[in-house]
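Participant: Structure incoming, see below.
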Amino acid sequence: GAGVSQSPSNKVTEKGKDVELRCDPISGHTALYWYRQSLGQGLEFLIYFQGNSAPDKSGLPSDRFSAERTGGSVSTLTIQRTQQEDSAVYLCASSPQLRVDTQYFGPGTRLTVL
Amino acid sequence: SQKIEQNSEALNIQEGKTATLTCNYTNYSPAYLQWYRQDPGRGPVFLLLIRENEKEKRKERLKVTFDTTLKQSLFHITASQPADSATYLCALSGGGNTPLVFGKGTRLSVIA
């Protein structure tokens, strides 16, 4: 079956522009996670969704970052007024439920802010 | 603050030998621990999960141990092959609704 997909795979943008990153989780997975991976760094947790609800937004680096999930499926991560330090690979993962479960990752979106 | 350390950034090993990767943590009481493999340009792929009340878990050539007293997990790949070359990440969770916390990973290179 289809895995987690993310689009675009690569995004180059100019400093100050807004970007939207999309994640399509595995069908039926209720939990969805966003991470950021900078060069040489581990995965930095950003936010998770249980259904359409995001109980904990404390991982978002600043108020320029926001995320939403609609219909318990697709999620969008929006970064407003991008900065060069936002350059990273943004990874999305989903799992059947938000508990002890394997997370299935998408291929990521590589964001480059010039 | 919570800290997860994976023993080295990179590890080189001869084909056929056993690779051992280490994951140490502090200021944390994980309910379970997971190991993932990440290839360049791809997202991590789940390998094994071990719970706090389990000492060891095996899957084919892979073995994971979990010592909550030492606050350490060891990840072993026996009879290593060049195809095992990748970055291996450990991840901890307190269980319930707490998300996974990942280490920075160890880049393993198996040399033929």
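The values are calculated or read from the model by the stated rules, or taken from the named source; none is laboratory data. Predicted model only: the values in this text are computed from it and were never measured. Backbone-built Cβ (ideal geometry, glycine too); neighbour counts: all protein chains shown.
Participant: What single numbered condition from (1) within 14 Å of another protein chain (Cβ to nearest Cβ); (2) touching a Phe, Trp or Tyr at 6+ places or on another chain (Cβ under 8 Å); (3) not acidic (D, E) fails to hold for B:G41?
Facilitator: (2)
Participant: Return the pairs, sorted by first residue and then second, in which the second residue is surrounded by 14 or more Cβ atoms within 10 Å (Cβ to Cβ) and not in a loop (DSSP other than H, G, I, E, B), the first residue lies in region B:42-53 and is aromatic (F, W, Y), the beta carbons are less than 7 Å apart, and the residues are 6+ apart or on different chains.
Facilitator: Correct list of pairs: B:F46/B:Q34; B:F46/B:Y36.
Participant: Would you confirm, using the coordinates I've provided, whether B:S73 is away from chain A (no Cβ under 12 Å) and more than 12 Å from the chain's Cα centre (by Cα)?
Facilitator: No; evaluated as a whole, the condition is false for this residue.
Participant: Next question, about the same structure. One residue is enough: does region A:23-38 have a residue meeting the conditions more than 14 Å from every other protein chain (Cβ to nearest Cβ), surrounded by 19 or more Cβ atoms within 10 Å (Cβ to Cβ) and of a type in the set (G, A, S)?
Facilitator: no
Participant: Consider A:P61 against the criteria (1) assigned to a strand (DSSP E or B); (2) out of contact with any Gly (no Cβ under 8 Å at 6 or more places or on another chain): it satisfies all of them except one. Which criterion is unmet?
Facilitator: The failed condition is (1).
Participant: If you scan region A:75-100, which residues turn out to be more than 9 Å from every other protein chain (Cβ to nearest Cβ), in a loop (DSSP other than H, G, I, E, B) and at pLDDT below 95?
Facilitator: A:P96, A:Q97
Participant: Which one of these does B:K57 not meet: (1) under 15 Å from B:R107 (Cα atoms); (2) surrounded by 14 or more Cβ atoms within 10 Å (Cβ to Cβ)?
Facilitator: Here B:K57 meets the rest and fails (1).
Participant: So, one more: From the residues in region B:92-112 that are closer than 22 Å to B:S29 by Cβ and among the polar types (S, T, N, Q), which one is nearest to the other protein chains (Cβ to nearest Cβ)?
Facilitator: B:N97
Participant: Kindly indicate which of B:R51, B:R61, B:R37 is at pLDDT below 95 and either touching a strand residue (DSSP E or B) at 6+ places or on another chain (Cβ under 8 Å) or of a type in the set (G, A, S) (or both).
Facilitator: B:R51
Participant: Tell me, which residue of region B:5-35 that is more than 8 Å from every other protein chain (Cβ to nearest Cβ), under 18 Å from A:F45 (Cα atoms) and buried (at least 18 other Cβ atoms within 10 Å of the Cβ) is nearest to the chain's Cα centre (by Cα)?
Facilitator: Step by step, filter region B:5-35, then rank; the result is B:W35.
Table: residues versus (1) at pLDDT 95 or above; (2) farther than 26 Å from B:C90 by Cα.
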{"residue": "A:A2", "(1), (2)": "no, no"}
{"residue": "A:S9", "(1), (2)": "yes, no"}
{"residue": "A:E20", "(1), (2)": "yes, yes"}
{"residue": "A:L32", "(1), (2)": "no, no"}
{"residue": "A:S38", "(1), (2)": "no, no"}
{"residue": "A:L43", "(1), (2)": "no, no"}
{"residue": "A:D56", "(1), (2)": "no, no"}
{"residue": "A:G59", "(1), (2)": "no, no"}
{"residue": "A:S66", "(1), (2)": "yes, yes"}
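Participant: Scan region A:41-67 and report the pairs whose first residue is more than 13 Å from every other protein chain (Cβ to nearest Cβ) and whose second residue is of a type in the set (A, V, I, L, M) and assigned to a loop (DSSP other than H, G, I, E, B), with Cβ atoms within less than 7 Å and a gap of 6+ or a chain change.
Facilitator: Note: pairs meeting the criteria are A:A67/A:A54.
Participant: Within region A:28-58, work out how many residues are under 23 Å from A:V113 (Cβ atoms), among the small types (G, A, S) and assigned to a strand (DSSP E or B).
Facilitator: The qualifying residues number 0.
Participant: Being modelled with pLDDT of 95 or more and more than 15 Å from A:W34 (Cβ to Cβ) is the filter here; which residues of region A:101-114 pass it?
Facilitator: Once the filter is applied, which keeps residues that are modelled with pLDDT of 95 or more and more than 15 Å from A:W34 (Cβ to Cβ), region A:101-114 yields A:T112, A:V113, A:L114.
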